[in-house]
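The structure under discussion appears below in the form of structure tokens.
What follows draws every value from the coordinates through simple rules; no lab data is involved. On a predicted model such as this, the values are computed, not experimentally measured, just so you know. Cβ: placed from backbone, ideal geometry, glycine included. Neighbour counts: every protein chain shown.
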Amino acid sequence: MTKKIAPSILSADIMNLERDVKIAEKAGADLFHIDIMDGHFVPNMSFSPSVVAGMRSITDKPLDVHMMVDNPDQYIKPVVDAGADTVLIHTESTNHIYRSIELVKSLGAKAGVVVNPGTPLENVKYLFPIIDQILVMTVNPGFGGQKFMPGMLKKIERLDQLRQTTEDDNFTIEVDGGINDETIQQCSEAGADIFVAGSYLFGGEGESEFSDKIQNLRKLAED
Ligand code: DX5
Ligand code: ZN
């Protein structure tokens, strides 16, 4: 599977978001990762569906929307209407993850499920037939710039093994949190396909640095 790099706009310069998105596009971003936080499911607040709409108006790249909210069902239609291509729902945020995934699919978007570091893969196994993506959190969700949890590599490996042994293998594996030039290769070897990167990519010195970093990540992921 081709490896994909997804800049997380949580670490972009919010007052210059369009500039940063254009820089990331030019540098070869495959898709954009947008974090939605409600201050309840995670102890932080971030973007809302209107930011998804804003992003949709400035880029044709796929938008990967990571819902860190309680009661995710109430925000699914708003984010799909705003232009999300993939909606990622935490298993821990709802009693009825199967229903939430079905709701995403019924609206015509791709559906993904997210597992926190402490959540076992057992909780997503029966979702394989209906999901397009599984996001393995490699930090506690809520903030950019945290340290990668090496213990999650085993989980990624195990998920990839499960994928290789099921007929319902039509999903990609994404990782989010602490992805940089030291951790991406390990995650890729463990079986991840899509790599979210926030603080590693943004906050540097302009276009050429961004471009070098993204190319470096891609090379390390593909090696
Ligand atoms: C954290 C978010 C991430 C965040 C990653 O809860 O889900 O998408 O932007 O940031 P880095 O790459 O800095 O760990
Ligand atoms: Zn995220």
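To keep it simple, each residue is scored yes or no on (1) surrounded by fewer than 19 Cβ atoms within 10 Å (Cβ to Cβ); (2) of a type outside the set (G, A, S).
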site: S106; (1), (2): yes, no
site: V113; (1), (2): no, yes
site: P117; (1), (2): yes, yes
site: L121; (1), (2): yes, yes
site: Y126; (1), (2): yes, yes
site: P129; (1), (2): yes, yes
site: N140; (1), (2): yes, yes
site: G145; (1), (2): yes, no
site: M149; (1), (2): yes, yes
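Where strands (runs of 3 or more DSSP E) sit wholly within segment 102-215, those with at least 3 residues that are away from ligand 1 (no atom under 11 Å from the Cβ), free of Cβ contacts under 8 Å to residues at least 60 places away in the same chain and not charged (D, E, K, R) occupy 110-115. Filtering segment 178-208 to residues that are within 16 Å of ligand 2 (Cβ to nearest atom), closer than 21 Å to M1 by Cβ and not aliphatic (A, V, I, L, M) leaves T183, C187, D193, F195.
Taking the listed residues N180, N140, the one that is closer than 23 Å to M67 by Cβ and of a type in the set (S, T, N, Q) is N140, with no other qualifying.
So which residues in segment 83-95 are farther than 18 Å from A6 by Cβ and in contact (Cβ under 8 Å) with a residue 12 or more places away in the chain, if there are any at all? Lay out the reasoning, then the answer.
The initial filter retains those residues of segment 83-95 that are farther than 18 Å from A6 by Cβ, namely 91-95.
Passing the criteria: T91, E92, S93, T94.
Could you count how many residues in segment 62-87 are of a type in the set (A, V, I, L, M) and part of a strand (DSSP E or B)? Residues that pass the stated criteria total 5.
A quick yes/no check of all residues on (1) in contact with a His (Cβ under 9 Å, 6 or more places away or on another chain); (2) surrounded by fewer than 22 Cβ atoms within 10 Å (Cβ to Cβ):
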| position | (1), (2) |
| --- | --- |
| I14 | no, yes |
| I23 | no, no |
| A27 | no, yes |
| T59 | no, yes |
| D73 | yes, yes |
